[in-house]
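Only one structure is covered here, and it is reproduced in the block below.
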């Protein structure tokens, strides 16, 4: 499956993406934005990709530039609950230098169309840490709404951050 927009496309993750994903887990700023505290090996990431690619409750995509086929990030639609027509969502760019260029927004817009029009879901939910103001702005820009706060949910860099729960409903998406 390949989902496209003007500048990027989404394709399923594959084992060849593991080195890029490993690099993401080593970037201190990306680790902070995502609250990642664990360290991973290349073998663990390859095994993870194989597991998720055989999990029918999720869709995991590499975000790639159309111009070069370079993988610039990855995203997941997970905990797919067909009965309640909802799922969770997460996205991560491959480096901080790729943020602020609209690629994440473009990828999220592709996902929203896929989730609401093809999967026929009603709700897509994510969690973001309060220190990730760039991410919060990007989510709000595409229609996600803050629904709740888990206060002092993450202790990282010797300070606490809240975990903000955000969601977009199909009805919100249709109004945009």
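Can you tell me which residues in the stretch 69-101 are surrounded by fewer than 15 Cβ atoms within 10 Å (Cβ to Cβ) and within 11 Å of residue 8 (Cβ to Cβ)?
69, 70, 101
Of all the strands (runs of 3 or more DSSP E) wholly in the stretch 116-176, which have at least 1 residues that are in contact with a helix residue (DSSP H, G or I) (Cβ under 6 Å, 6 or more places away or on another chain) and closer than 13 Å to residue 89 by Cβ? First the steps, then the outcome.
Working: elements: 123-129, 145-156, 159-169.
Fully inside the stretch 116-176 and qualifying: 123-129, 159-169.
Of everything in the stretch 4-36 that's crowded, with 16+ Cβ neighbours inside 10 Å and free of Cβ contacts under 8 Å to residues at least 12 places away in the same chain, which residue is farthest from residue 64 (Cα to Cα)?
So, considering only residues that are crowded, with 16+ Cβ neighbours inside 10 Å and free of Cβ contacts under 8 Å to residues at least 12 places away in the same chain, the one farthest from residue 64 (Cα to Cα) is 36.
Do you know which of the residues in the stretch 37-63 that are touching a strand residue (DSSP E or B) at 6+ places or on another chain (Cβ under 9 Å) and crowded, with 17+ Cβ neighbours inside 10 Å is farthest from residue 10 (Cα to Cα)?
Among them, the one singled out is 49.
Each value in this text was obtained by applying a stated rule to the coordinates, not by laboratory testing. Computed from a predicted structure; not experimentally measured. Cβ sites come from the backbone with ideal geometry, for glycine too, and all protein chains shown count toward neighbours.
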